[in-house]
Amino acid sequence: MRRATTFDVMRFFLGLTVILLFVLAQPPATLASAGAIQEKSASSKPETKPSDYAGAEACKTCHEEEYKSWENSPHWKTTLNTKEGPSHQGCEACHGAAASHVADPSDTSKLFLFEKASAKDINQRCLVCHASGTQHMQAINSLHAKNDVSCTSCHSPHHAKQAEFLLVKSQPELCYSCHLQQKAQFAMPFHHRVNEGLLQCSDCHNPHGTAGPHQLRTSAAQDAVCYKCHADKQGPFVFEHEVVKVEGCESCHNPHGSPNPHLMKLSNVNLLCLQCHTTSFANAPGAPSFHNQAAQFQACTLCHTQIHGSNFDKDFFK
Ligand code: HEC
Ligand code: HEC
Ligand code: HEC
Ligand code: HEC
Ligand code: HEC
Ligand code: HEC
Ligand code: HEC
Ligand code: HEC
Ligand code: HEC
Ligand code: HEC
């Protein structure tokens with residue numbers, strides 16, 4: 001009887017904890033939806049009149065440095081956009097209507113201040129003009145955006161270190177400042193020559209996001225990113241090595257760097273092949289029994305040379 005009671009008490013507390021957790025889980029959800037509503041009303045622009053805007057020339061006297069950097073950047077071109085008017089022109093296209101600030105410089109309450117804004121608000125601000133085109137289509141949902149990496153983590157309209165694309169740093173240092181693991185990979189003995197300037201991270205990745213995994217670019221035909229430069233591996237071949245097409249190059253190669261020649265995943269090619277070509281692996285035929293132990297000493301690719309596919313032989317000999 002006593003034991004049953006203790007058990008019941010435990011169950012009661014367990015139940016209570018579950019309910020408590022459930023209740024605790026609620027407020028953020030409701031807060032989030034409240035936030036969403038607030039945001040909506042904030043982004044549905046408060047009515048601004050042309051007289052709320054002062055124009056870029058009005059800023060020049062007091063913010064000479066910012067004015068110069070703006071004038072020398074591609075953003076001066078916004079002044080040509082007479083169609084959408086002052087809300088899309090000059091300084092105020094990014095900082096918001098500033099006539100009241102010009103009248104009273106200490107009043108910065110209506111300005112959009114990037115240093116104080118959230119990543120989400122910054123992205124939204126820039127995407128007013130940069131959301132179109134294949135390059136930026138996914139920007140709002142990119143892994144960067146979702147992890148609070150904003151446009152201004154990589155770009156600076158006023159203090160760019162690299163004039164082209166207004167980058168805060170040039171590649172690959174820009175990317176390495178956050179991606180240390182990849183820095184180590186490109187330092188391996190065999191690597192795509194990114195550090196040497198032959199390729200860039202952005203040849204393979206779109207930092208603004210893609211529809212596919214790992215923000216990887218695809219070719220125009222939506223094929224794997226690798227075919228852009230290694231077209232000879234694409235085929236079509238009469239005899240495809242199914243794994244190349246289905247699982248991709250990464251099943252055998254490390255795309256960034258590797259301790260092994262040809263960026264191979266394993267130092268021993270045979271072990272790589274035998275990962276799939278054993279009798280226990282369902283999709284690939286096991287290596288035939290005459291491939292006896294010599295296989296350990298003779299590379300599989302010594303005979304199966306056309307490992308990416310062949311037009312002449314089903315076993316990729318030629
Ligand atoms: C008469 C001088 C004057 C003019 C004209 C002026 N500003 Fe300012 N601005 C200031 C001063 C002073 C501050 C600092 C205010 C403060 O922090 O209290 C400031 C602050 C700012 C800030 C915030 C800077 C920060 O460090 O956060 C922005 C953005 C800004 N101004 C944009 C503009 C724009 C855009 C215009 C033109 C439409 C403009 N200003 C015109 C004097 C001026
Ligand atoms: C493309 C958007 C954009 C435009 C156009 C723009 N700014 Fe900025 N401004 C920013 C961002 C982003 C920052 C934060 C610093 C940075 O990343 O460069 C900033 C920062 C500032 C600051 C704070 C001090 C500083 O240098 O960091 C001032 C003042 C300012 N801007 C004024 C201006 C003036 C004046 C103009 C027009 C001549 C202008 N801005 C045009 C985006 C813009
Ligand atoms: C992780 C870093 C990173 C972030 C975050 C980022 N960019 Fe970029 N952006 C780059 C790099 C690198 C380039 C140049 C190489 C390229 O074209 O991909 C570039 C190029 C651009 C270009 C010029 C090229 C083109 O095709 O239009 C624009 C415009 C641009 N970015 C806008 C944005 C905007 C807007 C955001 C925020 C929504 C943003 N970027 C976020 C790194 C970044
Ligand atoms: C009012 C519209 C507008 C806004 C807002 C805007 N841009 Fe731009 N941006 C432009 C135009 C126009 C160009 C020039 C395009 C061209 O040269 O064809 C440009 C060019 C760029 C480039 C390419 C530079 C190059 O060297 O090719 C980058 C990067 C960029 N913007 C980033 C940003 C970022 C980051 C923000 C937010 C802080 C932002 N833009 C906000 C209109 C805008
Ligand atoms: C030759 C094309 C190529 C280049 C150049 C490249 N990457 Fe990658 N990257 C890939 C591929 C392919 C994957 C997916 C790997 C997988 O599926 O296992 C990837 C994956 C990633 C990942 C996800 C984590 C991981 O390692 O799987 C990050 C982060 C990354 N790359 C960052 C970078 C950075 C930073 C640079 C430049 C310093 C860069 N990449 C250059 C092809 C490339
Ligand atoms: C300000 C920090 C920062 C910078 C700069 C930055 N990244 Fe990232 N990146 C992140 C974060 C955070 C994530 C999401 C978490 C993760 O997957 O590591 C991410 C994710 C990625 C991914 C997807 C990783 C995956 O697991 O699928 C790739 C690819 C990538 N970044 C490439 C780049 C490239 C290329 C550059 C330079 C042009 C760059 N990043 C610059 C912070 C950054
Ligand atoms: C089944 C494993 C496997 C897959 C999948 C694979 N490779 Fe390979 N790859 C190899 C092997 C093994 C070598 C080394 C060949 C040798 O030693 O002769 C190699 C060599 C290479 C080389 C250097 C030598 C040459 O033939 O040019 C390149 C480039 C290459 N692969 C690119 C790719 C690309 C691109 C893909 C994806 C389309 C891919 N590989 C998919 C196994 C593979
Ligand atoms: C922007 C062009 C480009 C893209 C995209 C690219 N590569 Fe490469 N790749 C090269 C170049 C150039 C070399 C030769 C590098 C050198 O000589 O250092 C190379 C070398 C290689 C090698 C080693 C060849 C050898 O003989 O050792 C392999 C393997 C390889 N790439 C696989 C891939 C894979 C897998 C992908 C996709 C994830 C890919 N590459 C995407 C340009 C590219
Ligand atoms: C990730 C799994 C995987 C790896 C690694 C792999 N293969 Fe394959 N291989 C396959 C699949 C799947 C097929 C297609 C089987 C089919 O068509 O029924 C195949 C087919 C083959 C064939 C043709 C078999 C036939 O149908 O006549 C040969 C030969 C072959 N592979 C050799 C190799 C060699 C050599 C290596 C190492 C360089 C290798 N494979 C690495 C999965 C793999
Ligand atoms: C000395 C040359 C040689 C070496 C080394 C070699 N093979 Fe073969 N492989 C062959 C021959 C010959 C055939 C049979 C062709 C036939 O019967 O049509 C074959 C057939 C295959 C097949 C097709 C089996 C089927 O059922 O269609 C696979 C898979 C295979 N080898 C994998 C491997 C793997 C994995 C290695 C390395 C561990 C390897 N081979 C090493 C010569 C070789």
Could you point to the residue in Y67, H101, H136 farthest towards the positive end of the stretch 56-143's charge dipole, with +1 and -1 charges on the Cβ of Lys/Arg and Asp/Glu respectively?
H136
Rg and Dmax of the stretch 127-241, using alpha carbons, in Å: what are they?
16.0, 55
Taking the alpha-carbon centroid of each part, what is the distance from the stretch 91-123 to the stretch 156-185 in angstrom?
26
About the Cα centre, and with charges only on the beta carbon of Lys, Arg (+1) and Asp, Glu (-1), how big is the dipole of the stretch 230-310? Nearest 20 debye, please.
120
Report the normalised scattering of the stretch 59-200 as log10 I(q)/I(0) at q = 0.11 Å⁻¹, calculated by the Debye formula with identical scatterers on the alpha carbons.
-0.52
Using 0.36 nm times the number of residues separating F165 and T305, minus their current alpha carbon distance, what extension gain do you get?
46.1 nm
Based on Cβ point charges of +1 for Lys and Arg and -1 for Asp and Glu, what charge dipole magnitude is obtained for the stretch 116-215 about its Cα centre, in debye rounded to the nearest 20?
220
Read phi for every residue in the stretch 134-151 and hand back ³J(HN,Hα) as whole Hz from Karplus 6.51 cos²θ - 1.76 cosθ + 1.60, θ = phi - 60°, with x for Gly and Pro.
5, 5, 10, 3, 9, 4, 5, 10, 5, 4, 5, 4, 5, 9, 6, 8, 9, 3
Cβ charges +1 (Lys, Arg) and -1 (Asp, Glu), total dipole of the stretch 65-156, debye
340
With 10 angstrom as the radius, rank C178, C300 by how many other C-beta atoms surround their C-beta, starting from the fewest.
C178, C300
So who's got an amide H within less than 5 Å of the one on V194, skipping anything under 5 residues away but keeping other chains? H placed 1.01 Å off N, in plane.
L199
Extension gain from A184 to N283, taking 0.36 nm per residue of separation minus the Cα-Cα distance:
32.2 nm
Among rounded, prolate and oblate, which fits the stretch 230-310 when a ≥ b ≥ c are the square roots of the eigenvalues of its C-alpha gyration tensor, a/c under 1.5 means rounded, and a/b larger than b/c means prolate?
oblate
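Readers should treat all values here as calculations from the given coordinates under stated rules, not as data from a laboratory. Remember, it's a predicted structure, so these values are computed and weren't measured experimentally. All Cβ positions, even for glycine, are placed from backbone atoms using ideal geometry, and neighbour counts span all protein chains on display.
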